[in-house]
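Undergrad: The following block contains the structure, expressed as structure tokens.
The values are calculated or read from the model by the stated rules, or taken from the named source; none is laboratory data. Please read these numbers as outputs of a predicted model, since none were measured by experiment. In this analysis, Cβ positions are derived from the backbone assuming ideal geometry, glycine residues included, and neighbour counts consider all displayed protein chains. To get the accessible areas, we keep the full protein, side chains included, count just its heavy atoms, and leave off ligands, DNA and RNA. Shrake-Rupley method; radii C 1.70, N 1.55, O 1.52, S 1.80 Å.
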Amino acid sequence: MTTVRRTRRWRGVVAVVLLALAVGVVAKRPSLLLVAATGIAFAAYPAVTTPPELDVSVERRLDVDSPAVDDTVTVTTTLRNEGTEMLTDLRVVDGVPAMLSVVDGSPRVATALRPGKEATIEYAVRAERGVHRFEPTTVVGRDISGGTEVETTAATKTVIECSARIPAVPLRKLTRNRTGQLVTDRGGSGLEFHRIKAYERGDPVGRIDWRRFARSRELTTVEFREERLAEVVLCVDTRAIAYRARSPNDPHAVASAVDAAERIAESLFASGHRVGLATIGRGSCWLPAGSGPDHEDQLRARLSTHPSFSMSPPPPSETVDDEDADLDRQLSVLRERLGTVQLFLLTPLCDDGATRAARTFEAAGCAVTVVSPDVTTDATAGARLARIGRRNRLRALRSAGIPTVDWRPDDRLGTALATVERWGP
Amino acid sequence: MIDAERRQSRAADASLFRRRPARTSGAIAVVLAAVAIALVADDPGQRRILAVALVGVTGFIAGGTLWRRDRSAGVTVVAVAVAIIGTLVLVSALGLGLTRPPRYVERIELLPGLAGLWLLAAGLVPLRLGSERVLVDAGTGLVFLTVLAGGVIQSSPPRTLLLAGVVTIVAWDIAENAVSLGGQLGVAAGTVRAEAIHAVGTGVVGAATVGLVLFINGLNVDGVPFAGLIAMLVAGVALTLFYNR
């Protein structure tokens, strides 16, 4: 997407010209009229320059692709002018992933590039847990007078993966009738012993306990815990209120939630479960649960590029007047779509809307698990109040029988999820 | 606790995005503004006063830059002290400018320029984030007033006056570009190449304009009445405004 803007920076020169003209006339000084004449040349300057044709390609190299936590990763981004004209004023901001902070150098540069020439930006980021995709590089070109500004993006796929694997995702019991890895309480075929029951006509011959039959002439069938496939939908809270962060330099809760969603999906896909995607908040991203490489790619693409998961909060112009009513409308639409699936609701629990969403889904028959990145602090009185409010919401959800994961984004997500497994669904 | 430490280490990161006008362009702009004043105020007494003012502005810039870079208590005290001393030196230069030159018109001529120099420096330090453009515009505007005053009292030949006017506009352009670059890319980004190309571009346009205007002037198109010249210029302004709409 390319946008062209007039900066109108030379507009003030006209005032200068008129001033010189006026003073020259009043004082009858021809030399001042000459000064005014030079001013006119500058006022016309932006009109005679043409806006630059931005054709820039980006190539990015990392010194380590999968670093350990808190390691420094050096990023080298090379820009190349693929066009045929010289770019006299090229301003570039590399798309550093929202969760990573730059520790050395700057991901920004301004330079001039002749056709075919290259410029490099080198900087270092500190690795945080998770899979971090680079966003498209923003390229702004100005003509030499600065009168016109052209903005576009150049993308290249780069990923930093930092010990992101989650060993296991705690799933609840509600499942579909397909064979999979989720161990259920239902008897049938499987690996783990469940119970022995009296033989019924139609039980498989191979599962009859022949030793017992030999001992007591009693026909019994051994049952194993059935292993089923779960259908999971990951629902991310992307309402404006969720764009909260502990400090301006920390990633906000939506960034953490999207990161967590990606890792949970990864782990679930690895176990063969079917995973879908939904949002509450701006826009509505809906991807029904599915599996297979194509579906996995689609889900990943949605997480990184769909406007619902934008890393910048919605502008004030987009805010809805009645947020509660809007949320209710979204919830009723989602409830229809979801049916009875396992639902992971990823929300910072900044307001009661989030708890209402969790309860609505649970009441509609979904098995809800709330994963909540903690972005509260105890820096100020207001922040402490918000922290208490969030803690109360967590408690309310737990007492309503909804498992919750209280996750500080600095800690391991896998460990946080494991606490729920112990705590029991 | 770990969080607090983490946040502190992040705050200390040298490369956090800091919105400051680009340094190189800023320095060039201040120097050019001083050159424009020096071109108009060519009396040795005025030049001495300008030199004193430049010392003051340099002190102000040094203190201000230090204050922007490091906000720890000790450094702040030193930086603010240096900036205030620099400003006081400039104020004393203003006082000299108001009392020393023998002719009344020469006193009036220098004052706006010196004040403008300080405002320009304040915009580029910057003294207040968000007001960079206003300060830069006001500063170069005052310098331009000095040029106009020079024209009115006819202290310097038309050629010098023309040059001073163009140098002022170029100084404004470079300062505005510094603010724009700093706003989009921050102070940590490498911007020198783009700054240099932009400055050279504007400089060439300025030089060409001066050359052209002097050439036309030199043709000595006699018989063009003063009113005709004015009408021509007004037509030029109207044309540019219409074209740029």
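Undergrad: With the structure loaded, tell me whether B:SER131 is without any contact (Cβ under 8 Å) to a residue 60 or more places away in the chain, more than 8 Å from chain A (Cβ to nearest Cβ), open to solvent by 10 Å² or more (accessible area, probe 1.4 Å) and touching a helix residue (DSSP H, G or I) at 6+ places or on another chain (Cβ under 8 Å) or whether it fails that test.
TA: yes
Undergrad: Which numbered condition in (1) open to solvent by less than 60 Å² (accessible area, probe 1.4 Å); (2) assigned to a helix (DSSP H, G or I); (3) touching a residue at least 12 places away in the same chain (Cβ under 8 Å) is the only one that A:ALA301 fails?
TA: Among (1) open to solvent by less than 60 Å² (accessible area, probe 1.4 Å); (2) assigned to a helix (DSSP H, G or I); (3) touching a residue at least 12 places away in the same chain (Cβ under 8 Å), the lone unmet condition for A:ALA301 is (3).
Undergrad: Given the conditions (1) within 8 Å of another protein chain (Cβ to nearest Cβ); (2) of a type outside the set (Gly, Ala, Ser); (3) not in a helix (DSSP H, G or I), which single one is not true for B:VAL213?
TA: (3)
Undergrad: With the requirement that a residue be more than 8 Å from chain A (Cβ to nearest Cβ) and more than 16 Å from B:ARG128 (Cα to Cα), what does region B:176-195 give you?
TA: B:VAL192 - this is the single residue of region B:176-195 that is more than 8 Å from chain A (Cβ to nearest Cβ) and more than 16 Å from B:ARG128 (Cα to Cα).
Undergrad: Could you list, in sequence order, the residues of region A:306-330 that are surrounded by fewer than 18 Cβ atoms within 10 Å (Cβ to Cβ), part of a helix (DSSP H, G or I) and hydrophobic (A, V, I, L, M, F, W, C)?
TA: Answer for region A:306-330, where residues must be surrounded by fewer than 18 Cβ atoms within 10 Å (Cβ to Cβ), part of a helix (DSSP H, G or I) and hydrophobic (A, V, I, L, M, F, W, C): just A:ALA325.
Undergrad: Out of (1) surrounded by 15 or more Cβ atoms within 10 Å (Cβ to Cβ); (2) modelled with pLDDT of 85 or more; (3) over 24 Å from A:ALA68 (Cβ atoms), what's the single condition that is false for A:ARG398?
TA: (1)
Undergrad: Can you find, within region B:191-228, the residue that is modelled with the lowest pLDDT among those that are more than 23 Å from B:THR168 (Cα to Cα) and among the hydrophobic types (A, V, I, L, M, F, W, C)?
TA: In this case the residue turns out to be B:VAL221.
Undergrad: Follow-up question, since we're still on this one. If you take the residues of region A:94-125 that are closer than 12 Å to A:ASN81 by Cα and in contact with a Lys or Arg (Cβ under 7 Å, 6 or more places away or on another chain), which of them is farthest from the other protein chains (Cβ to nearest Cβ)?
TA: Checked region A:94-125; the qualifying residue farthest from the other protein chains (Cβ to nearest Cβ) is A:GLU118.
Undergrad: Then there's this: So, restricting to strands (runs of 3 or more DSSP E) that lie completely within region A:111-191, which ones have at least 2 residues that are of a type in the set (Ser, Thr, Tyr) and at pLDDT 85 or above?
TA: Because the criterion is at least 2 residues that are of a type in the set (Ser, Thr, Tyr) and at pLDDT 85 or above, the strands (runs of 3 or more DSSP E) in region A:111-191 that meet it are A:118-126, A:135-142, A:148-154.
Undergrad: While we're on this one: Within region A:199-219, can you find the residues that are aliphatic (A, V, I, L, M) and either surrounded by 21 or more Cβ atoms within 10 Å (Cβ to Cβ) or at pLDDT below 85 (or both)?
TA: A:VAL205
Undergrad: How about region A:1-18: which of its residues are facing chain B (nearest Cβ under 7 Å) and either more than 28 Å from B:ILE153 (Cα to Cα) or among the aliphatic types (A, V, I, L, M) (or both)?
TA: If the condition is that a residue be facing chain B (nearest Cβ under 7 Å) and either more than 28 Å from B:ILE153 (Cα to Cα) or among the aliphatic types (A, V, I, L, M) (or both), then A:ARG9, A:VAL13, A:VAL14, A:VAL16, A:VAL17, A:LEU18 are the ones that fit.
Undergrad: Then there's this: Which one of these does A:LEU417 not meet: (1) touching a residue at least 40 places away in the same chain (Cβ under 8 Å); (2) in contact with an Asp or Glu (Cβ under 6 Å, 6 or more places away or on another chain)?
TA: So A:LEU417 meets the others, but not (2).
Undergrad: Of all residues in region A:342-366, count the ones that are open to solvent by 10 Å² or more (accessible area, probe 1.4 Å), closer than 19 Å to A:TRP286 by Cα and not small (Gly, Ala, Ser).
TA: 2
Undergrad: Only one of (1) part of a helix (DSSP H, G or I); (2) within 9 Å of another protein chain (Cβ to nearest Cβ) is not met by B:THR160, so which one is it?
TA: If we test B:THR160 against (1) part of a helix (DSSP H, G or I); (2) within 9 Å of another protein chain (Cβ to nearest Cβ), just (2) comes out false.
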